[in-house]
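The values are calculated or read from the model by the stated rules, or taken from the named source; none is laboratory data. Bear in mind that the values here come from a model prediction, so they are computed numbers and not experimental data. Don't worry about glycine lacking a Cβ; one is built from the backbone with ideal geometry, like all the others, and counts go over all protein chains shown. Ligands, DNA and RNA are excluded from the accessible area calculation, which covers all protein heavy atoms including side chains. Shrake-Rupley method; radii C 1.70, N 1.55, O 1.52, S 1.80 Å.
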Amino acid sequence: MSTKLINVLVVDDHNQVTTILKKTISENDSSELKILGAGWLGDALALLNENSFDVILLDLDLPDSSGIDTFHRIYSEVPEIPIIIISGTADEELAFEIVNEGAQDFLPKGEFDKSRLIQSIKFAIARHPIKRKLNLQSEILAASENRLQTIINTNADGLIVVDLHGDIRFANPSAELIFGRTFKELIGSNF
């Protein structure tokens, strides 16, 4: 099996994760990790401007940033790089929230081993392009829906959508003018 170099940025003001990764390098022959570390958010942002990374391991509590804001600041700068949260807290609610907002994984520091960390890194790198593509498709779909809504709302023709029971489910502004009734009055009434 060929070895792939994985560039990892570890953003953590303690050396625990970096130490685990360095030990893993010597024990794991299928991956070669190049690790750069930063203990402050400002240092991490500078490294991101100067280097190319495949994945970021991010502690949320740093000397110059804390909590979910730490994630937001990194993610807003480099949404194209997968981020794995490594946290001293096992807050399940925070984990779900931060994964829903774009993080690839959430690992409480005391609860993962070397193989779990390597697996999380590899999966994050594999999943992230698919997630980015889905987000882009969602943005395109939302823009298309907005254009269609604008066309419907600015159309001079009255447009009404009626369900199988004959009840009005949608009426554009022109339909309001034609029927002399407001949108709220039309919706739900029988055509």
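How many of the residues making up the stretch 65-82 are in contact (Cβ under 8 Å) with a residue 60 or more places away in the chain and surrounded by fewer than 20 Cβ atoms within 10 Å (Cβ to Cβ)?
Number of matching residues: 0.
When you go through (1) aliphatic (A, V, I, L, M); (2) closer than 30 Å to Lys4 by Cα; (3) open to solvent by less than 50 Å² (accessible area, probe 1.4 Å) one by one for Ile152, which number turns out not to apply?
The one condition Ile152 does not meet is (2).
Conditions first: (1) in contact with a strand residue (DSSP E or B) (Cβ under 6 Å, 6 or more places away or on another chain); (2) free of Cβ contacts under 8 Å to residues at least 24 places away in the same chain. Glu93 passes all but one, so which condition is the exception?
That leaves (1) as the condition not met.
Which residue is nearest to the chain's Cα centre (by Cα), if the candidates are limited to the stretch 163-183 and must be within 15 Å of Asn153 (Cα to Cα) and open to solvent by 60 Å² or more (accessible area, probe 1.4 Å)?
Arg169
Can you pull out the residues in the stretch 83-122 that are buried (at least 21 other Cβ atoms within 10 Å of the Cβ) and assigned to a loop (DSSP other than H, G, I, E, B)?
Ala103, Gln104
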